[in-house]
Amino acid sequence: MKEAITLKQLKTAVGTEIGCSEWRVVSQEMINQFADATDDHQFIHTDPERAEKETPFGGTIAHGFLTISLLSTLAYEALPMIEGATMGINYGFDKVRFMAPVKSGKRVRAHFKLVDADIRPSGRVLNNYEVTLEIEGSLKPALVANWLTIAVLEHPPEME
């Protein structure tokens, strides 16, 4: 995670890429663990030999929901904390599109563009990010999404 930024700096960052994560390998072990956690053992995810023979992917691919689940940890390492925030909450997604499959063993990273930062008198900041999950060596991203998060401030801001 980056250094903390002020609310003023956050507002200034609207419209810009505010963070980019490190590369992360999506391993077969990770895919298998996700399959176990979600009880989704479709062969395209968990059977490398069959997936190589019977799919156009040339092997297994990550679950779409696994790729979106990685955004939390990628955001933690890429995005600056807001000064005075005590926690961050996942508020949801306005739009998610899975653009390309992530093959087992490929690396991904997330780019976060801050679309809006709504600073509320309640002491909550609603952030809207345009997120692109890039696949190393691929022209198409794994996914694009509009992700909403809430930062809870220790003290409500003084509103102008």
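Go through region 1-100 and name the GluC sites (Glu not before Pro) that are in a DSSP coil and have 16 or fewer other Cβ atoms within 10 Å of their Cβ. Don't skip to the end; give the middle numbers.
Numbers: sites: 3, 17, 22, 29, 49, 52, 54, 77, 83; in loops: 22, 83.
For GluC sites (Glu not before Pro) across region 1-100 that sit outside H, G, I, E and B with at most 16 neighbouring Cβ atoms in 10 Å, the list reads 22, 83.
Straight-line reach from residue 8: taking Cα to Cα under 19 Å and skipping same-chain neighbours fewer than 8 places apart, the aspartates and glutamates in range are 17, 83, 116, 118, 154, 158, 160. Taking other residues whose beta carbon is less than 11 angstrom from the beta carbon of residue 136, and scoring Lys, Arg as +1 and Asp, Glu as -1, yields +4.
Over region 43-146, what is the relative contact order in whole percent, taking alpha-carbon pairs under 8 Å and six or more residues apart?
Numbers: 155 pairs, mean separation 24.7, N = 104.
Relative contact order, region 43-146: 24 percent.
Neighbour counts of other Cβ atoms within 10 Å put 111, 63, 155 in the fewest-to-most order 155, 111, 63.
I want the local charge near residue 30. Using Cβ-Cβ distances under 14 Å, sum +1 for each Lys or Arg and -1 for each Asp or Glu among the other residues.
Overall, the nearby charge balance is +1.
Between residue 116 and residue 77, the modelled labels are 3.1 nm apart [label points 7 Å from Cα along Cα→Cβ]. Going by neighbour counts of Cβ atoms within 10 Å, the residues 132, 67 line up, fewest first, as 132, 67.
Taking 101, 48, 121 in turn, the Gaussian network model of the chain (Cα-Cα springs below 10 Å) assigns the largest fluctuation to 121. Remark: the chain is approximated by an ellipsoid whose semi-axes, taken from the C-alpha gyration tensor as √(5λ), come to 35, 15, 12 Å, largest first.
Annotation: lysines with alpha-carbon distance below 21 angstrom to residue 11 (same-chain offsets under eight excluded): 2, 113. When both bridge partners sit in the chain, DSSP labels roughly 95% of those beta bridges antiparallel.
Every read-out reported here was derived from the displayed coordinates using simple, explicitly stated rules and does not represent laboratory data. The shown structure was predicted, so the numbers you read here are calculated from the model rather than taken from an experiment. Counting neighbours? That spans all protein chains shown, and the Cβs are built from the backbone with ideal geometry, glycine included.
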